[in-house]
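Participant: Before I ask anything, here is the structure I am working with.
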Amino acid sequence: MASSRRRSRPTSTGARGPLALPRRARPEPLTTPRLPLDRRSLESADFAIVDSLDPVVKAQQCFDDLLIPADHPGRLPSDTYYISRPGGKEESSAADTLLRTHTSAHQSTLMREGKEAFLCTGDVYRRDEIDASHFPVFHQMEGVKLFDPAVVGGAMTREEWLASEGCQLIAADLKKTLEGMCDELFGPVEKRWIDEYFPFTEPSFELEIFYNGDWMEVLGCGVIHSGVLENAGLQERHGWAFGLGLERLAMVLFAIPDIRLFWTDDKRFTKQFTAGQYDTFKPYSKYPPCKKDIAFWIPDGFEPNDFYELGRGVAGELVETVALIDEFTNPKKGKTSHCYRVTYRSMDRSLTDEEINALQNELRSKTESELGVELR
Ligand code: PHE
């Protein structure tokens, strides 16, 4: 739901199965990925711990309860893994069934149940770019804290609320809490707050951390939107919420350079970490990469995410990055060409030429037949 996911163009392809998630990335209990993250520092006696909720949810929970409108780009089948879409692939509705795209999908249900403060952790699923920090499944921890109406105020109009001291108090508490968590986790790491927009918080912020020479987004947060609380029958209440990307955080904490490492069985990785201990990853020699380019004329309404998804489907976690390396429009033909460089690499073994060529050929033919491109 963050800025990188805001796309306005409708997709030409619809929900299709089977899901192109790597085999080991299907919904499974939280213990599957090797997250060497000790959660103690994030937990507090006051927060209820919720971490076994089903990742399959309704659009009602994932989007509508959170004021995410039906035409929001995050609801497109090019961004979200749908299980069923009763209204058809072009029509988003509250009744759609999908793999949650964020743990915020459980906010309203848990608040409705009467929880005042909770940390809700789970696997979330997004169709996205392919690089060292994006994987179609990752983990988030949602934090929610409601405040005493006697302290921050109760029912009021949205405008009154936004102008109130109570709203400022909650925003200040949120920032202080999250900065404290970062300091405790990372020590003196450089961090910065960015004003953001989420439909379900107001105001909204993003926290970034300086890592590997670049600013990296680790969480989105904000004061819970009055409309979300109203939808949950809690018009008298106010509070804050945040959503933390756990792999991103663990990558910084343990100096893990590639998000796919969380899914490897390689002992050289798994043996380096012990629960409860902060060990820095010691890189071992990587298997060699193999780069292949693919160029094609794109049809109208082409969505790069559909191409990335196809790459995931064909090569699974053997694809390390897919980068758009060249783009140009031929004015005479009125056609645009994209050239993508696909980097194949296994975390566990050397890949053979035959196997890479077979994958690349399959990718070429599927790109042509499924996305309607004209190969060059
Ligand atoms: N759900 C948001 C995301 O996945 C993060 C978020 C959570 C933002 C809670 C605000 C409040 O990007």
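Participant: Along Cα→Cβ, 7 Å out, is where each label goes; now give me the distance between the ones at residue 93 and residue 350 in nm to one decimal.
Facilitator: Each label point lies 7 Å from its Cα, and together they span 5.6 nm.
Participant: Additional query: May I have the convex hull volume per residue, in Å³, for the Cα set of segment 186-229? Kindly include the intermediate steps, with their values, before the conclusion.
Facilitator: On the way: hull volume 3.2 nm³, N = 44.
It is 73 Å³ per residue.
Participant: If you put +1 on each Lys and Arg Cβ and -1 on each Asp and Glu Cβ, how big is the dipole of segment 303-376 around its Cα centre, in Debye rounded to 20?
Facilitator: On the way: 10 positive and 15 negative charges, 81 e Å.
Value, rounded to 20: 380 debye.
Participant: Using a Gaussian network model of the chain with C-alpha springs under 10 Å, which one of 55, 69, 86 is most mobile by mean-square fluctuation?
Facilitator: Among 55, 69, 86, the largest GNM mean-square fluctuation belongs to 86.
Participant: Continuing with this model, one more query. Based on the Cβ-Cβ distance from residue 48 to residue 236, what FRET efficiency comes out when R0 is 25 Å, to the nearest 0.05? Before the final figure, lay out each step's value.
Facilitator: Details: r = 20 Å, r/R0 = 0.81.
The pair residue 48/residue 236 has a calculated efficiency of 0.80.
Participant: Given the options 128, 348, 64, state which has the largest fluctuation in a GNM of the chain using a 10 Å cut-off (strictly under) for Cα springs.
Facilitator: Taking springs between Cα atoms under 10 Å, the residue moving most is 348.
Participant: If you take the square roots of the eigenvalues of the alpha-carbon gyration tensor of segment 200-343 and sort them as a ≥ b ≥ c, do you get rounded (a/c under 1.5), prolate (a/b over b/c) or oblate? Write down the numbers at each step before the final one.
Facilitator: Details: a/c = 2.57, a/b = 1.18, b/c = 2.18.
Verdict is oblate for segment 200-343.
Participant: Right, something else. If one computes P(r) from the Cα atoms of the chain, what percent of pairs lie at distances over 28 Å?
Facilitator: 49
Participant: Once R0 is set to 41 Å, what does the formula 1/(1 + (r/R0)^6) return for the Cβ-Cβ distance between residue 374 and residue 194, expressed as a FRET efficiency to the nearest 0.05?
Facilitator: Details: r = 40 Å, r/R0 = 0.98.
After rounding, the FRET efficiency stands at 0.55.
Participant: Then there is this: From the helices alone, meaning DSSP H stretches of at least four residues, give me the mean residue ellipticity at 222 nm for the chain, per-run term -39500 (n - 2.57), in deg cm²/dmol to the nearest 500. Mind dumping the intermediate values first?
Facilitator: Details: 10 runs with 92 residues, N = 376.
Calculated at 222 nm, the ellipticity per residue is -7000 deg cm²/dmol.
Participant: Further question on the same structure: For the chain, with only Lys/Arg (+1) and Asp/Glu (-1) charged at the beta-carbon, what is the dipole magnitude about the Cα centre, in debye rounded to 20?
Facilitator: The dipole of the chain has a size of about 1180 debye.
Participant: So, one more: Pairs of alpha-carbon atoms within less than 8 angstrom and 6+ residues apart define the contacts here; what relative contact order does the chain have, in percent?
Facilitator: 18
Participant: Could you order peptides 222-228, 172-178, 368-374 by the average number of other Cβ atoms within 10 Å of their residues, highest first?
Facilitator: By packing density, highest mean first, the sequence is 222-228, 172-178, 368-374.
Participant: While we're on this one: Between the helical axis of 304-315 and the dominant principal axis of the chain, each derived from Cα atoms, what acute angle in degrees is found, rounded to the nearest 10?
Facilitator: 70
Participant: Let a ≥ b ≥ c be the square roots of the eigenvalues of the Cα gyration tensor of segment 299-349; is it rounded (a/c under 1.5), or, if not, prolate (a/b larger than b/c) or oblate?
Facilitator: Prolate.
Participant: Which residue, 65, 279, 353, tops the fluctuation ranking in a GNM of the chain built on C-alpha contacts under 10 Å?
Facilitator: 353
Participant: In the chain, what % of DSSP beta bridges are antiparallel (nearest 5)?
Facilitator: Looking only at bridges with both residues in the chain, the antiparallel portion is about 95 percent.
Participant: Under the definition of Cα pairs under 8 Å and six or more residues apart, what whole-number percent is the relative contact order of segment 93-205?
Facilitator: 17
Participant: Let me ask another. How big is the gap, in Å, between the Cα center of segment 72-97 and the Cα center of segment 167-236?
Facilitator: 28
Participant: Which of the pairs 291/333; 286/366; 292/335; 292/333; 292/366 have their Cα atoms more than 18 Å apart in this structure?
Facilitator: From 291/333; 286/366; 292/335; 292/333; 292/366, over 18 Å: 291/333; 286/366; 292/335; 292/333.
Coordinate-derived values only; no laboratory data. Bear in mind that the values here come from a model prediction, so they are computed numbers and not experimental data. Reconstructed Cβ throughout: ideal geometry from the backbone, glycine too, with neighbour counts over all protein chains shown.
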